[in-house]
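Notes follow once the structure below has been shown.
The values are calculated or read from the model by the stated rules, or taken from the named source; none is laboratory data. Because the structure is a prediction, the values reported are computed rather than measured. So basically every Cβ, Gly included, is an ideal-geometry build from the backbone, and we count neighbours across all protein chains shown. Surface areas here come from the heavy atoms of the whole protein model, side chains and all, with no ligands, DNA or RNA. Shrake-Rupley method; radii C 1.70, N 1.55, O 1.52, S 1.80 Å.
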Amino acid sequence: SSGINAEWPLRPGVRGVRALSASPVTVSTGRGGRSSTNSHTVTVFGSTGRMGRFLINSLGQSGSQLILPHRCDTHTINPLKMASDLGQQHHVYTPDFNDEAHLEDLVKYSDVVVNLTGSHRPRLHHSFKDSNATLTHKIARACKNVGTPCFIHMSHINASYDSPSQYLKTKALSEEIVLHELPNSAIIVRSADCFHAWDDFTHYLARLNSRKRLVQKGRTQIYKRGIFTYKQPVFGPDVMKGVARIITTPDQDRQRLYQFVGPKLYSLHEFMQSITDITFRMYQPIFNPVRHIVEANIARYENYIRYQMVTDKPINGLPGLEDLGIKPSVFEDEALFWLRNYRIFWQTWDPLDGQKSDIYNNSMGTGENL
């Protein structure tokens, strides 16, 4: 009965999603920034994940209208509200992704849909295929049914059916599914392993070294001592800034395949040295063939296979972060923020005199130099 309800008619099937395409917010207003409104309405699947918060922040800075489906409690989704002005975000509780009509209602008012869903490990009720391929197929099919003009799908530069990693195999399958369902509107973004405060990559490698007892002198099990594996990690917020830049780029200037990698190529041994230089830990790589067989062939430990055995193989000539006007951040300039937590407690902060404590040769454990 009110004027607000007349201008913003609510959809009966999806609580909280308004007919955005019929409202004047699809026209850019304001001088730019969080309190303005640009011409984009974006549905982001996976906004509550580790990378989603960076994308929501970047889109909020440009004034995009956001529809954020989620299946978590409000305490998880509430921090994302700070990224946008009042009324710019629409949080929709979506516990069941098997409802195709519900998925279509989530994407029908958006000119861009971003898929960040996926899992780095199998869950109790969801396998790798369920999390990384089946769910992507349902979202892509919903976008196909409503005619979404732009669908951005996050993948990995090592996605391949020949990979020993189940995660990378299912990522290759998800790419094929998206291109089959949306051949003209799909944009694939292949990213290298990301480093940021909530990542799996650097925390996994730092834990391998920091969990060793001091008497072990930093001896760490690394696949073939890290000599034959090469990584080109990229900063997570830079990746999401790149996705946000793709969204604001005119459609005729968008490419259909992007590749986001970091500015430096490391061997795994060099990368571990960079980590231990920050954590003030000793590092001596060792390789136990028996343990390798157990972790790679018997236990099929996904982190070991993906982060230690698989080498990054970027393709030359694909557009990247630099083509979008973004300068990639260097690992050593960013990682102190979270890798400081792996230092011995008395070395959490850098020593004022520049002298680090010799924690490996001090039997008293006081942190004093002997």
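Structure above, values below:
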{"quantity": "Considering residues of the range 304-334 that are assigned to a helix (DSSP H, G or I) and farther than 20 Å from Met240 by Cα only, the residue most open to solvent (accessible area, probe 1.4 Å)", "calculated": "Met309"}
{"quantity": "Every residue from the range 135-166 that is out of contact with any Ser or Thr (no Cβ under 8 Å at 6 or more places or on another chain) and in contact (Cβ under 8 Å) with a residue 60 or more places away in the chain", "calculated": "Ile152, Ser163, Pro164, Ser165, Gln166"}
{"quantity": "Residues that are touching a residue at least 60 places away in the same chain (Cβ under 8 Å) and open to solvent by less than 10 Å² (accessible area, probe 1.4 Å), drawn from the range 93-109", "calculated": "Leu106, Val107"}
{"quantity": "Scope the range 167-195; condition of a type in the set (S, T, N, Q) and without any contact (Cβ under 8 Å) to a residue 60 or more places away in the chain; matching residues", "calculated": "Thr170, Ser174, Asn184, Ser185"}
{"quantity": "Those residues of the range 226-274 which are in a helix (DSSP H, G or I), within 16 Å of Val310 (Cβ to Cβ) and in contact with a His (Cβ under 7 Å, 6 or more places away or on another chain), in sequence order", "calculated": "Gly226"}
{"quantity": "Pick from the range 273-293, criterion of a type in the set (Val, Ile, Thr) and surrounded by 14 or more Cβ atoms within 10 Å (Cβ to Cβ), ranking: farthest from Lys212 (Cα to Cα)", "calculated": "Ile278"}
{"quantity": "Candidate set: the range 54-92, residues that are in contact (Cβ under 8 Å) with a residue 60 or more places away in the chain and outside any helix (DSSP H, G or I); chosen: the one farthest from Lys108 (Cα to Cα)", "calculated": "Ser62"}
